[in-house]
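Following: one structure in C-alpha coordinates, then a few remarks.
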Amino acid sequence: MSLIKSISGIRGTIGGVQSHNLTPIDIVKFSTAYAAFIKENNPKKSYKIILGRDARISGPIVEALISSTLMAMGLDVVNIGLATTPTTEMAVMMENADGGIIITASHNPKQWNALKLLNAKGEFLDAKEGEKILELSENPAIEYAYIDEIGKETLISDYHHKHIEKILELDLVNINAIRNAKFKVVIDAVNSVGGIAIPPLLEKLGVEVVELYTTPNGQFPHNPEPLPEHLTELSEMVRKTNAHLGFVVDPDVDRLAIVNQDGSMFGEEYTLVAVADYILSKKPGNTVSNLSSTRALFEVSQKHGVKYEAAAVGEVNVVAKMKEIGAIIGGEGNGGIILPELHYGRDALVGIALFLSYLAEKKMTCSVLKNEFPAFYMSKNKVQLPENVEPDTILEKLKALATGIARINTIDGVKLDFDAQKEWVHMRKSNTEPIIRIYSEALSQKRADELAAEFVDKINKLVNH
(Lines give C-alpha, C1' and ligand atoms only; values in the text may rest on other atoms or scores of the structure.)
Protein backbone atom coordinates (compact mmCIF):
# COMPACT_ATOMS: atom_id res chain seq x y z
CA MET A 1 0.00 0.00 0.00
CA SER A 2 1.42 3.37 -1.06
CA LEU A 3 -1.30 5.73 0.21
CA ILE A 4 -0.66 7.26 3.62
CA LYS A 5 -3.45 9.24 5.27
CA SER A 6 -2.19 11.13 8.28
CA ILE A 7 -3.01 14.20 10.34
CA SER A 8 -0.54 16.19 8.21
CA GLY A 9 -2.18 15.38 4.86
CA ILE A 10 -2.32 12.68 2.25
CA ARG A 11 0.72 11.17 0.56
CA GLY A 12 1.11 8.39 -1.95
CA THR A 13 2.42 7.09 -5.24
CA ILE A 14 0.75 8.21 -8.44
CA GLY A 15 -1.32 5.65 -10.34
CA GLY A 16 -2.64 2.26 -9.29
CA VAL A 17 -5.75 1.36 -7.37
CA GLN A 18 -8.07 3.75 -5.54
CA SER A 19 -7.45 3.92 -1.77
CA HIS A 20 -4.17 2.04 -2.24
CA ASN A 21 -2.33 4.72 -4.23
CA LEU A 22 -2.72 8.46 -4.80
CA THR A 23 -5.44 8.36 -7.48
CA PRO A 24 -7.71 11.15 -8.78
CA ILE A 25 -10.55 9.82 -6.60
CA ASP A 26 -8.40 10.07 -3.47
CA ILE A 27 -7.23 13.58 -4.37
CA VAL A 28 -10.82 14.78 -4.88
CA LYS A 29 -12.00 13.07 -1.69
CA PHE A 30 -9.34 14.68 0.48
CA SER A 31 -9.64 18.12 -1.17
CA THR A 32 -13.38 17.98 -0.52
CA ALA A 33 -12.78 17.20 3.16
CA TYR A 34 -10.32 20.09 3.48
CA ALA A 35 -12.80 22.50 1.88
CA ALA A 36 -15.56 21.28 4.21
CA PHE A 37 -13.22 21.78 7.18
CA ILE A 38 -12.42 25.36 6.13
CA LYS A 39 -16.14 26.18 5.77
CA GLU A 40 -17.09 24.55 9.08
CA ASN A 41 -14.23 26.19 10.93
CA ASN A 42 -15.16 29.74 9.92
CA PRO A 43 -18.63 30.09 8.38
CA LYS A 44 -18.83 33.13 6.06
CA LYS A 45 -19.82 34.13 2.52
CA SER A 46 -16.54 33.68 0.65
CA TYR A 47 -13.25 31.86 1.03
CA LYS A 48 -9.80 32.09 -0.51
CA ILE A 49 -7.32 29.20 -0.67
CA ILE A 50 -3.70 29.39 -1.91
CA LEU A 51 -2.50 26.53 -4.12
CA GLY A 52 1.19 25.97 -4.90
CA ARG A 53 3.24 23.01 -6.09
CA ASP A 54 6.75 21.73 -6.56
CA ALA A 55 7.96 20.60 -9.99
CA ARG A 56 6.97 16.92 -9.79
CA ILE A 57 5.80 15.37 -13.05
CA SER A 58 2.38 14.66 -11.56
CA GLY A 59 2.01 18.22 -10.26
CA PRO A 60 -0.19 19.68 -13.05
CA ILE A 61 -2.68 16.79 -12.83
CA VAL A 62 -2.93 16.98 -9.03
CA GLU A 63 -3.14 20.78 -9.17
CA ALA A 64 -6.06 20.68 -11.64
CA LEU A 65 -7.97 18.14 -9.54
CA ILE A 66 -7.53 20.09 -6.30
CA SER A 67 -8.35 23.47 -7.82
CA SER A 68 -11.50 22.14 -9.50
CA THR A 69 -12.63 20.43 -6.31
CA LEU A 70 -12.13 23.52 -4.15
CA MET A 71 -14.09 25.64 -6.66
CA ALA A 72 -16.81 22.96 -6.77
CA MET A 73 -17.04 23.35 -2.99
CA GLY A 74 -17.58 27.11 -3.43
CA LEU A 75 -14.07 28.29 -2.52
CA ASP A 76 -11.98 30.73 -4.56
CA VAL A 77 -8.47 29.55 -5.49
CA VAL A 78 -5.35 31.66 -5.85
CA ASN A 79 -3.09 29.36 -7.84
CA ILE A 80 0.55 30.42 -7.61
CA GLY A 81 1.73 27.44 -9.66
CA LEU A 82 5.37 26.41 -9.28
CA ALA A 83 6.37 27.64 -5.83
CA THR A 84 8.45 26.54 -2.87
CA THR A 85 6.69 25.32 0.27
CA PRO A 86 7.75 28.43 2.26
CA THR A 87 6.60 30.66 -0.62
CA THR A 88 3.14 29.08 -0.51
CA GLU A 89 3.06 29.55 3.27
CA MET A 90 4.04 33.20 2.85
CA ALA A 91 1.37 33.66 0.16
CA VAL A 92 -1.37 32.55 2.58
CA MET A 93 -0.30 35.34 4.93
CA MET A 94 0.25 37.98 2.25
CA GLU A 95 -3.05 37.28 0.46
CA ASN A 96 -5.05 37.09 3.72
CA ALA A 97 -6.27 33.67 2.64
CA ASP A 98 -8.26 31.16 4.67
CA GLY A 99 -5.74 28.38 4.10
CA GLY A 100 -3.54 26.72 1.54
CA ILE A 101 -2.60 23.42 -0.03
CA ILE A 102 0.97 22.61 -1.00
CA ILE A 103 1.34 19.88 -3.62
CA THR A 104 4.63 18.23 -2.75
CA ALA A 105 6.00 14.98 -1.41
CA SER A 106 9.07 16.81 -0.12
CA HIS A 107 12.16 14.55 -0.37
CA ASN A 108 10.29 11.44 -1.62
CA PRO A 109 11.16 10.05 -5.10
CA LYS A 110 9.39 11.31 -8.22
CA GLN A 111 6.55 8.74 -8.20
CA TRP A 112 5.26 10.22 -4.94
CA ASN A 113 3.12 13.29 -4.41
CA ALA A 114 1.15 14.71 -1.50
CA LEU A 115 -1.27 17.34 -0.27
CA LYS A 116 0.08 19.35 2.66
CA LEU A 117 -2.57 21.42 4.39
CA LEU A 118 -2.24 24.93 5.84
CA ASN A 119 -4.35 27.09 8.11
CA ALA A 120 -5.08 30.81 7.71
CA LYS A 121 -1.69 31.67 9.24
CA GLY A 122 0.17 29.72 6.56
CA GLU A 123 1.11 27.05 9.11
CA PHE A 124 0.52 23.30 9.02
CA LEU A 125 -2.65 22.04 10.67
CA ASP A 126 -2.28 20.59 14.15
CA ALA A 127 -3.16 17.01 15.13
CA LYS A 128 -6.73 17.80 16.16
CA GLU A 129 -7.45 19.63 12.89
CA GLY A 130 -5.85 16.84 10.88
CA GLU A 131 -8.01 14.24 12.61
CA LYS A 132 -11.12 16.27 11.76
CA ILE A 133 -10.21 16.29 8.07
CA LEU A 134 -9.62 12.53 8.10
CA GLU A 135 -13.07 12.17 9.65
CA LEU A 136 -14.66 14.43 7.04
CA SER A 137 -13.00 12.50 4.21
CA GLU A 138 -15.19 9.52 5.13
CA ASN A 139 -18.41 11.57 5.12
CA PRO A 140 -20.47 10.86 1.97
CA ALA A 141 -23.00 13.60 2.79
CA ILE A 142 -20.77 16.63 2.13
CA GLU A 143 -22.58 19.01 -0.23
CA TYR A 144 -20.92 20.72 -3.19
CA ALA A 145 -21.83 24.26 -4.28
CA TYR A 146 -24.70 24.99 -6.63
CA ILE A 147 -23.96 26.69 -9.93
CA ASP A 148 -24.21 30.31 -8.77
CA GLU A 149 -22.00 29.60 -5.76
CA ILE A 150 -19.01 27.88 -7.35
CA GLY A 151 -15.63 29.47 -6.80
CA LYS A 152 -13.23 31.05 -9.26
CA GLU A 153 -9.50 30.60 -9.87
CA THR A 154 -6.95 33.40 -10.05
CA LEU A 155 -3.47 32.67 -11.40
CA ILE A 156 -0.41 34.48 -10.01
CA SER A 157 3.02 33.54 -11.32
CA ASP A 158 6.46 34.30 -9.89
CA TYR A 159 5.26 34.64 -6.28
CA HIS A 160 8.77 33.76 -5.14
CA HIS A 161 9.81 37.33 -5.99
CA LYS A 162 7.49 38.63 -3.26
CA HIS A 163 8.95 36.07 -0.86
CA ILE A 164 12.51 37.16 -1.75
CA GLU A 165 11.68 40.83 -1.19
CA LYS A 166 10.43 40.04 2.32
CA ILE A 167 13.70 38.21 3.04
CA LEU A 168 15.80 41.11 1.79
CA GLU A 169 13.88 43.49 4.08
CA LEU A 170 15.06 41.61 7.19
CA ASP A 171 17.58 43.53 9.32
CA LEU A 172 19.39 40.24 9.97
CA VAL A 173 20.21 39.84 6.27
CA ASN A 174 23.44 41.79 5.72
CA ILE A 175 23.18 42.50 2.01
CA ASN A 176 26.22 44.80 1.89
CA ALA A 177 28.50 42.30 3.61
CA ILE A 178 27.40 39.52 1.26
CA ARG A 179 27.96 41.68 -1.82
CA ASN A 180 31.39 42.76 -0.59
CA ALA A 181 32.38 39.12 0.02
CA LYS A 182 31.94 38.39 -3.72
CA PHE A 183 30.84 34.83 -3.07
CA LYS A 184 30.71 32.17 -5.75
CA VAL A 185 28.10 29.53 -4.87
CA VAL A 186 27.08 26.27 -6.55
CA ILE A 187 23.42 25.34 -6.11
CA ASP A 188 21.76 21.95 -6.62
CA ALA A 189 17.96 22.27 -6.84
CA VAL A 190 17.29 18.65 -7.97
CA ASN A 191 15.35 19.99 -10.97
CA SER A 192 12.52 21.36 -8.85
CA VAL A 193 11.29 24.75 -7.66
CA GLY A 194 14.56 25.70 -5.96
CA GLY A 195 15.74 26.29 -9.51
CA ILE A 196 13.34 29.20 -9.98
CA ALA A 197 13.71 30.72 -6.49
CA ILE A 198 17.35 30.40 -5.38
CA PRO A 199 19.13 31.99 -8.40
CA PRO A 200 17.16 35.26 -8.21
CA LEU A 201 17.69 35.42 -4.43
CA LEU A 202 21.45 34.98 -4.83
CA GLU A 203 21.60 37.45 -7.70
CA LYS A 204 19.85 40.08 -5.54
CA LEU A 205 22.55 39.43 -2.93
CA GLY A 206 25.35 39.95 -5.46
CA VAL A 207 26.43 36.30 -5.46
CA GLU A 208 27.93 34.57 -8.50
CA VAL A 209 25.78 31.48 -9.12
CA VAL A 210 26.88 28.18 -10.63
CA GLU A 211 23.72 26.20 -11.39
CA LEU A 212 23.43 22.43 -11.08
CA TYR A 213 20.06 20.81 -11.83
CA THR A 214 17.93 23.96 -11.74
CA THR A 215 15.44 23.09 -14.52
CA PRO A 216 12.04 22.60 -12.82
CA ASN A 217 10.97 19.50 -14.76
CA GLY A 218 10.61 17.03 -11.88
CA GLN A 219 13.26 14.69 -13.26
CA PHE A 220 15.30 14.28 -10.10
CA PRO A 221 18.94 13.57 -11.09
CA HIS A 222 19.66 11.78 -7.81
CA ASN A 223 17.82 10.81 -4.64
CA PRO A 224 16.21 14.15 -3.68
CA GLU A 225 16.87 13.89 0.05
CA PRO A 226 19.85 16.23 0.75
CA LEU A 227 22.07 13.66 2.47
CA PRO A 228 25.88 13.41 1.98
CA GLU A 229 25.70 10.21 -0.08
CA HIS A 230 23.53 11.99 -2.66
CA LEU A 231 25.71 15.09 -3.05
CA THR A 232 28.83 13.80 -4.79
CA GLU A 233 28.23 15.84 -7.96
CA LEU A 234 27.67 19.03 -5.96
CA SER A 235 30.87 18.44 -3.99
CA GLU A 236 32.84 17.89 -7.18
CA MET A 237 31.39 21.02 -8.79
CA VAL A 238 32.28 23.15 -5.74
CA ARG A 239 35.89 21.97 -5.97
CA LYS A 240 36.06 22.18 -9.76
CA THR A 241 34.79 25.78 -9.92
CA ASN A 242 36.72 26.99 -6.84
CA ALA A 243 33.43 28.07 -5.30
CA HIS A 244 33.19 29.35 -1.74
CA LEU A 245 30.46 26.83 -0.92
CA GLY A 246 27.53 24.85 -2.27
CA PHE A 247 23.84 24.81 -1.32
CA VAL A 248 21.42 21.94 -1.90
CA VAL A 249 17.69 21.88 -1.19
CA ASP A 250 14.98 19.25 -1.37
CA PRO A 251 12.24 19.47 -4.04
CA ASP A 252 10.01 21.86 -2.07
CA VAL A 253 12.86 23.97 -0.61
CA ASP A 254 12.15 23.72 3.11
CA ARG A 255 15.43 21.91 3.87
CA LEU A 256 18.93 23.31 3.34
CA ALA A 257 22.26 21.51 3.35
CA ILE A 258 25.67 23.11 2.81
CA VAL A 259 28.87 21.88 1.18
CA ASN A 260 32.20 23.42 2.27
CA GLN A 261 34.66 25.03 -0.12
CA ASP A 262 36.75 21.83 -0.22
CA GLY A 263 33.74 19.65 -1.13
CA SER A 264 33.31 18.27 2.40
CA MET A 265 29.96 18.37 4.17
CA PHE A 266 29.06 21.20 6.53
CA GLY A 267 26.39 18.79 7.82
CA GLU A 268 22.65 19.43 7.59
CA GLU A 269 22.38 19.13 11.38
CA TYR A 270 24.62 22.22 11.58
CA THR A 271 22.61 24.42 9.18
CA LEU A 272 20.32 25.44 12.05
CA VAL A 273 23.21 25.59 14.54
CA ALA A 274 25.14 28.10 12.40
CA VAL A 275 22.11 30.27 11.65
CA ALA A 276 21.12 30.27 15.34
CA ASP A 277 24.65 31.27 16.39
CA TYR A 278 24.50 34.17 13.94
CA ILE A 279 21.10 35.38 15.13
CA LEU A 280 21.98 35.02 18.82
CA SER A 281 25.13 37.07 18.22
CA LYS A 282 22.82 39.92 17.18
CA LYS A 283 20.10 39.64 19.81
CA PRO A 284 19.16 37.36 22.72
CA GLY A 285 16.25 34.95 22.48
CA ASN A 286 15.21 31.37 23.07
CA THR A 287 15.77 28.47 20.66
CA VAL A 288 13.96 25.24 19.78
CA SER A 289 14.72 22.12 17.78
CA ASN A 290 13.23 18.64 17.86
CA LEU A 291 14.31 15.76 20.09
CA SER A 292 16.22 14.06 17.26
CA SER A 293 18.34 17.11 16.44
CA THR A 294 21.96 17.68 17.46
CA ARG A 295 22.91 18.74 20.99
CA ALA A 296 25.08 21.44 19.39
CA LEU A 297 22.13 23.87 19.37
CA PHE A 298 21.76 23.46 23.14
CA GLU A 299 25.49 24.18 23.55
CA VAL A 300 25.32 27.28 21.32
CA SER A 301 22.26 28.50 23.23
CA GLN A 302 24.13 28.03 26.52
CA LYS A 303 27.07 30.00 25.14
CA HIS A 304 24.76 32.93 24.45
CA GLY A 305 22.99 32.58 27.82
CA VAL A 306 19.56 31.81 26.37
CA LYS A 307 17.02 29.05 26.91
CA TYR A 308 16.85 25.99 24.66
CA GLU A 309 13.95 23.53 24.59
CA ALA A 310 13.28 20.41 22.51
CA ALA A 311 9.96 19.62 20.84
CA ALA A 312 8.47 16.41 19.53
CA VAL A 313 9.53 15.57 15.97
CA GLY A 314 7.51 17.37 13.31
CA GLU A 315 7.36 20.98 12.14
CA VAL A 316 3.97 21.66 13.72
CA ASN A 317 5.35 20.55 17.12
CA VAL A 318 8.47 22.69 16.78
CA VAL A 319 6.34 25.72 15.87
CA ALA A 320 4.05 25.15 18.87
CA LYS A 321 7.04 24.97 21.23
CA MET A 322 8.60 28.08 19.66
CA LYS A 323 5.41 30.04 20.29
CA GLU A 324 5.17 28.67 23.82
CA ILE A 325 8.63 29.90 24.87
CA GLY A 326 8.91 32.88 22.52
CA ALA A 327 11.83 31.45 20.53
CA ILE A 328 13.43 33.77 17.97
CA ILE A 329 14.96 30.92 15.96
CA GLY A 330 14.20 27.23 15.67
CA GLY A 331 13.83 24.34 13.32
CA GLU A 332 14.88 20.76 12.77
CA GLY A 333 18.19 19.00 12.30
CA ASN A 334 17.26 18.02 8.76
CA GLY A 335 18.28 21.47 7.56
CA GLY A 336 15.00 23.20 8.40
CA ILE A 337 15.25 26.85 9.51
CA ILE A 338 12.24 28.57 11.11
CA LEU A 339 12.54 32.34 11.59
CA PRO A 340 9.34 33.68 13.22
CA GLU A 341 10.22 37.23 12.19
CA LEU A 342 9.48 36.10 8.61
CA HIS A 343 6.99 33.26 9.14
CA TYR A 344 6.48 30.06 11.13
CA GLY A 345 7.68 27.55 8.54
CA ARG A 346 10.90 25.84 7.52
CA ASP A 347 12.46 28.04 4.85
CA ALA A 348 15.66 27.25 2.95
CA LEU A 349 15.60 30.64 1.20
CA VAL A 350 15.86 32.66 4.40
CA GLY A 351 18.37 30.07 5.63
CA ILE A 352 20.60 30.83 2.64
CA ALA A 353 20.43 34.59 3.21
CA LEU A 354 21.20 34.28 6.93
CA PHE A 355 24.03 31.79 6.47
CA LEU A 356 25.72 33.97 3.83
CA SER A 357 25.35 36.99 6.13
CA TYR A 358 27.15 35.08 8.89
CA LEU A 359 29.88 33.78 6.58
CA ALA A 360 30.45 37.26 5.13
CA GLU A 361 30.71 38.89 8.54
CA LYS A 362 33.01 36.16 9.88
CA LYS A 363 35.29 36.47 6.82
CA MET A 364 36.26 32.82 7.01
CA THR A 365 35.78 29.67 4.96
CA CYS A 366 32.88 27.30 5.55
CA SER A 367 35.09 24.55 6.93
CA VAL A 368 36.73 26.91 9.45
CA LEU A 369 33.30 28.17 10.52
CA LYS A 370 32.10 24.59 11.03
CA ASN A 371 35.06 23.93 13.34
CA GLU A 372 33.92 26.74 15.64
CA PHE A 373 30.92 24.66 16.75
CA PRO A 374 30.89 21.74 19.20
CA ALA A 375 31.56 18.53 17.28
CA PHE A 376 28.91 15.84 17.67
CA TYR A 377 28.31 12.71 15.60
CA MET A 378 25.01 11.01 14.91
CA SER A 379 23.87 7.49 14.08
CA LYS A 380 20.42 6.81 12.59
CA ASN A 381 18.92 3.31 12.71
CA LYS A 382 15.62 1.46 12.85
CA VAL A 383 14.28 -1.88 14.07
CA GLN A 384 11.52 -3.68 12.18
CA LEU A 385 8.91 -5.06 14.57
CA PRO A 386 6.75 -8.15 14.06
CA GLU A 387 3.13 -7.24 13.24
CA ASN A 388 1.93 -8.58 16.62
CA VAL A 389 4.31 -6.39 18.68
CA GLU A 390 3.02 -3.04 19.89
CA PRO A 391 5.73 -0.32 19.62
CA ASP A 392 4.38 1.58 22.65
CA THR A 393 4.85 -1.52 24.83
CA ILE A 394 8.50 -1.79 23.78
CA LEU A 395 9.07 1.91 24.42
CA GLU A 396 7.56 1.65 27.92
CA LYS A 397 9.92 -1.22 28.73
CA LEU A 398 12.90 0.78 27.44
CA LYS A 399 11.87 3.66 29.68
CA ALA A 400 11.78 1.30 32.68
CA LEU A 401 15.23 -0.07 31.84
CA ALA A 402 16.71 3.45 31.73
CA THR A 403 15.16 4.76 34.94
CA GLY A 404 17.92 6.05 37.19
CA ILE A 405 20.69 5.91 34.58
CA ALA A 406 19.61 8.72 32.24
CA ARG A 407 17.44 11.81 32.04
CA ILE A 408 14.23 10.62 30.36
CA ASN A 409 11.97 12.61 28.02
CA THR A 410 8.73 10.96 26.85
CA ILE A 411 7.00 13.69 24.83
CA ASP A 412 7.77 11.75 21.63
CA GLY A 413 8.76 8.14 22.22
CA VAL A 414 11.63 7.83 24.68
CA LYS A 415 14.72 10.03 24.68
CA LEU A 416 17.54 9.21 27.08
CA ASP A 417 20.06 11.94 27.82
CA PHE A 418 23.38 10.88 29.30
CA ASP A 419 24.41 14.44 30.10
CA ALA A 420 27.73 13.68 31.79
CA GLN A 421 28.96 12.00 28.60
CA LYS A 422 27.23 14.55 26.31
CA GLU A 423 25.41 11.79 24.47
CA TRP A 424 21.81 10.71 23.92
CA VAL A 425 19.61 8.14 22.23
CA HIS A 426 16.08 8.83 20.95
CA MET A 427 13.67 5.99 20.16
CA ARG A 428 10.26 6.66 18.61
CA LYS A 429 7.72 4.68 16.66
CA SER A 430 6.90 5.37 13.03
CA ASN A 431 3.37 6.61 12.30
CA THR A 432 3.23 4.72 9.02
CA GLU A 433 4.97 1.36 9.49
CA PRO A 434 5.80 -1.13 12.30
CA ILE A 435 9.28 0.14 13.12
CA ILE A 436 11.07 1.94 15.93
CA ARG A 437 13.51 4.61 14.81
CA ILE A 438 16.69 4.95 16.85
CA TYR A 439 18.78 8.13 16.68
CA SER A 440 21.88 8.51 18.81
CA GLU A 441 24.54 11.19 19.18
CA ALA A 442 27.92 11.25 20.90
CA LEU A 443 31.33 12.92 20.81
CA SER A 444 32.63 10.41 18.24
CA GLN A 445 31.07 8.44 15.40
CA LYS A 446 32.32 5.22 16.98
CA ARG A 447 30.54 5.96 20.25
CA ALA A 448 27.32 7.06 18.49
CA ASP A 449 27.28 3.78 16.55
CA GLU A 450 27.97 1.80 19.73
CA LEU A 451 25.16 3.54 21.57
CA ALA A 452 22.72 2.85 18.74
CA ALA A 453 23.80 -0.81 18.54
CA GLU A 454 23.31 -1.19 22.30
CA PHE A 455 19.68 -0.09 22.08
CA VAL A 456 18.98 -2.01 18.87
CA ASP A 457 20.09 -5.07 20.81
CA LYS A 458 17.89 -4.14 23.79
CA ILE A 459 14.84 -3.73 21.53
CA ASN A 460 15.45 -7.07 19.78
CA LYS A 461 15.74 -8.81 23.15
CA LEU A 462 12.50 -7.24 24.36
CA VAL A 463 10.73 -8.30 21.15
CA ASN A 464 11.96 -11.88 21.44
CA HIS A 465 11.51 -12.17 25.20
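Numerical summary
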| quantity | calculated |
| --- | --- |
| Some residue of segment 183-190 being in a loop (DSSP other than H, G, I, E, B), among the β-branched types (Val, Ile, Thr) and in contact (Cβ under 8 Å) with a residue 24 or more places away in the chain | yes |
| Matching option when the condition is at negative phi and under 25 Å from the mean Cα position of the chain (by Cα), among Arg428, Arg447, Arg407 | Arg428 |
| Filter pass, Glu143 being of a type in the set (D, E, K, R), out of contact with any helix residue (DSSP H, G or I) (no Cβ under 6 Å at 6 or more places or on another chain), within 18 Å of Met93 (Cβ to Cβ) and without any contact (Cβ under 8 Å) to a residue 60 or more places away in the chain | no |
| Enumeration of residues in segment 195-232 that are in contact (Cβ under 8 Å) with a residue 60 or more places away in the chain and either among the acidic types (Asp, Glu) or not assigned by TED's automatic domain parsing to the domain that holds Val350 (or both) | Glu225 |
| Residue within segment 283-292 that is β-branched (Val, Ile, Thr) and surrounded by 20 or more Cβ atoms within 10 Å (Cβ to Cβ) present | yes |
| Test: residue in segment 158-171 that is assigned to a helix (DSSP H, G or I), in contact with a strand residue (DSSP E or B) (Cβ under 9 Å, 6 or more places away or on another chain) and in contact (Cβ under 8 Å) with a residue 60 or more places away in the chain | yes |
| Qualifying residue in segment 261-278 (condition: buried (at least 24 other Cβ atoms within 10 Å of the Cβ), in a strand (DSSP E or B) and not small (Gly, Ala, Ser)) | no |
| Selection count where residues are out of contact with any helix residue (DSSP H, G or I) (no Cβ under 6 Å at 6 or more places or on another chain) and either under 30 Å from Ile196 (Cβ atoms) or among the β-branched types (Val, Ile, Thr) (or both), scope segment 146-167 | 11 |
| Test for Ala311: is it over 23 Å from Lys415 (Cβ atoms) and in contact (Cβ under 8 Å) with a residue 60 or more places away in the chain | no |
| Filter pass, Ser301 being within 18 Å of Phe373 (Cα to Cα), small (Gly, Ala, Ser) and in contact with a Phe, Trp or Tyr (Cβ under 6 Å, 6 or more places away or on another chain) | yes |
| The one condition in (1) touching a helix residue (DSSP H, G or I) at 6+ places or on another chain (Cβ under 6 Å); (2) assigned to a loop (DSSP other than H, G, I, E, B) that Ala243 fails to fulfil | (1) |
| Odd one out for Ser58 among (1) surrounded by fewer than 19 Cβ atoms within 10 Å (Cβ to Cβ); (2) more than 24 Å from Asn119 (Cβ to Cβ) | (1) |
| Pick from segment 370-420, criterion closer than 26 Å to Leu280 by Cα and out of contact with any Lys or Arg (no Cβ under 8 Å at 6 or more places or on another chain), ranking: surrounded by the fewest Cβ atoms within 10 Å (Cβ to Cβ) | Ala420 |
| Single match in Gly314, Gly326 (criterion: touching a strand residue (DSSP E or B) at 6+ places or on another chain (Cβ under 9 Å), surrounded by fewer than 24 Cβ atoms within 10 Å (Cβ to Cβ) and modelled with pLDDT under 95) | Gly314 |
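The values are calculated or read from the model by the stated rules, or taken from the named source; none is laboratory data. Just so you know, these numbers come straight off a predicted model, no measurement behind them. Every residue, glycine among them, receives a Cβ derived from its backbone with ideal geometry; neighbour counts consider all protein chains shown.
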